[in-house]
Amino acid sequence: MTIEDFVMTPADEADVGVVTPHRYIVVEGPIGVGKTSLVRKLGRSFGCELVLEQDSENPFLERFYRDPQRVAFQTQLYFLFQRARQLADLRQADLFERVRVADYMLDKDRLFARLTLDEQELALYDQVYERLAIDAPAPDLVVYLQAPVDVLLERIARRGIAYEQEIEPRYLERLNEAYARFFLEFDAAPLLIVNAAEIDPIGNEGDYQGLLAEVTRPRKGRHYFNPLKSLL
């Protein structure tokens with residue numbers, strides 16, 4: 001399997017082609033917030049390649065949502081190896097040649113590990129992580145989508161993936177808290193924090209164009225996008 005086959009997914013049919021100063025954009029946030037849908041839409045606007053998580057390939061994920069404690073370690077190691085392989089291939093590619101948009105950053109792997117693994121499992125996970133010595137490319141912009149648990153649950157129900165319906169509200173609460181703590185101190189790249197509860201950039205074109213304008217601006221430091229809910 002080649003780099004292009006495994007890592008980079010061509011965007012759907014491109015729009016006219018929006019210009020962005022960023023060569024590598026990462027969209028992050030909790031389960032159900034709309035990361036991948038936004039990444040696909042950005043891909044159409046930029047006419048670029050996408051770097052997407054392959055959740056459906058993880059053979060432990062469905063069992064994890066039914067019984068988290070039983071297969072948390074296997075689930076997390078699978079994701080770690082998958083993400084390490086993807087990002088190593090991406091590092092070998094020319095990041096300056098074209099724009100790429102991703103629906104995850106490597107840091108989320110440790111975030112989820114600390115959330116789901118017990119003390120002994122986490123110690124072993126950390127040993128594996130360090131031995132992999134992953135040299136992940138640094139994003140030019142991170143877009144962090146925020147939404148409360150009730151919104152996440154509604155969107156998870158709406159997209160209808162059967163095994164995700166097993167997700168407990170308390171798990172999403174802890175996940176939201178973990179993301180908030182992580183991005184509170186994050187300074188490794190320019191950061192755009194988006195109130196994703198009040199807008200629908202996938203279903204509402206006005207919402208999307210407003211967010212797209214924010215994403216395409218040159219950025220340094222930390223910025224917020226907190227628009228009023230669209231009435232259209």
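Which of the residues spanning the stretch 184-204 are within 27 Å of ARG44 (Cα to Cα) and of a type outside the set (A, V, I, L, M)?
Of everything in the stretch 184-204, those that are within 27 Å of ARG44 (Cα to Cα) and of a type outside the set (A, V, I, L, M) turn out to be PRO190, ASN195, GLU198, ASP200, PRO201, GLY203, ASN204.
Going through LEU212, LEU192, LEU172 one at a time, which residue ends up being closer than 27 Å to ARG23 by Cβ, part of a helix (DSSP H, G or I) and at pLDDT 95 or above?
From the options LEU212, LEU192, LEU172, the qualifying one is LEU212.
Examine the stretch 73-93 for a residue that is out of contact with any Cys (no Cβ under 7 Å at 6 or more places or on another chain), at pLDDT below 95, over 19 Å from TYR144 (Cβ atoms) and outside any helix (DSSP H, G or I), and state whether such a residue exists.
The answer is yes, given that some residue of the stretch 73-93 is out of contact with any Cys (no Cβ under 7 Å at 6 or more places or on another chain), at pLDDT below 95, over 19 Å from TYR144 (Cβ atoms) and outside any helix (DSSP H, G or I).
If you scan the stretch 17-59, which residues turn out to be of a type in the set (Phe, Trp, Tyr) and surrounded by fewer than 23 Cβ atoms within 10 Å (Cβ to Cβ)?
Passing the criteria: only TYR24.
Quick check, is ARG155 crowded, with 17+ Cβ neighbours inside 10 Å, assigned to a helix (DSSP H, G or I) and either under 15 Å from the mean Cα position of the chain (by Cα) or of a type in the set (Lys, Arg) (or both)?
yes
Of all residues in the stretch 123-160, how many are in contact with a helix residue (DSSP H, G or I) (Cβ under 6 Å, 6 or more places away or on another chain), farther than 24 Å from LEU212 by Cβ and at pLDDT 95 or above?
Looking only at that region, the number is 3.
Are there any pairs, at least 6 apart or on different chains, whose C-beta atoms fall under 9 Å, with the first in the stretch 145-163 and over 14 Å from SER37 (Cβ atoms) and the second surrounded by 17 or more Cβ atoms within 10 Å (Cβ to Cβ) and of a type in the set (Ser, Thr, Tyr), and if so, which?
Close Cβ pairs (under 9 Å, with a partner that is surrounded by 17 or more Cβ atoms within 10 Å (Cβ to Cβ) and of a type in the set (Ser, Thr, Tyr)) amount to GLN146/TYR179; TYR163/TYR65.
Being in contact with a Phe, Trp or Tyr (Cβ under 8 Å, 6 or more places away or on another chain), buried (at least 19 other Cβ atoms within 10 Å of the Cβ), at pLDDT 95 or above and assigned to a loop (DSSP other than H, G, I, E, B), is that true of even one residue in the stretch 94-113?
The answer is no, given that none of the residues of the stretch 94-113 is in contact with a Phe, Trp or Tyr (Cβ under 8 Å, 6 or more places away or on another chain), buried (at least 19 other Cβ atoms within 10 Å of the Cβ), at pLDDT 95 or above and assigned to a loop (DSSP other than H, G, I, E, B).
Of the numbered conditions (1) outside any loop (DSSP other than H, G, I, E, B); (2) under 30 Å from PRO59 (Cα atoms), ASP207 satisfies every one except a single condition; which is it?
ASP207 satisfies all of (1) outside any loop (DSSP other than H, G, I, E, B); (2) under 30 Å from PRO59 (Cα atoms) except (2).
Of these, GLU62, GLU130, which one is part of a helix (DSSP H, G or I) and in contact (Cβ under 8 Å) with a residue 12 or more places away in the chain?
Step by step, each of GLU62, GLU130 is checked, and only GLU62 is part of a helix (DSSP H, G or I) and in contact (Cβ under 8 Å) with a residue 12 or more places away in the chain.
I'm checking my understanding of the structure. Among residues of the stretch 133-149 that are under 19 Å from ASP187 (Cβ atoms) and part of a loop (DSSP other than H, G, I, E, B), which one is nearest to the chain's Cα centre (by Cα)?
PRO139
Hey, can you tell me all the residues within the stretch 184-204 that are closer than 15 Å to SER37 by Cα and surrounded by fewer than 14 Cβ atoms within 10 Å (Cβ to Cβ)?
If the condition is that a residue be closer than 15 Å to SER37 by Cα and surrounded by fewer than 14 Cβ atoms within 10 Å (Cβ to Cβ), then GLY203 is the only one that fits.
The values are calculated or read from the model by the stated rules, or taken from the named source; none is laboratory data. Note that the structure is predicted; figures quoted are calculated from it, not measured. Backbone-built Cβ (ideal geometry, glycine too); neighbour counts: all protein chains shown.
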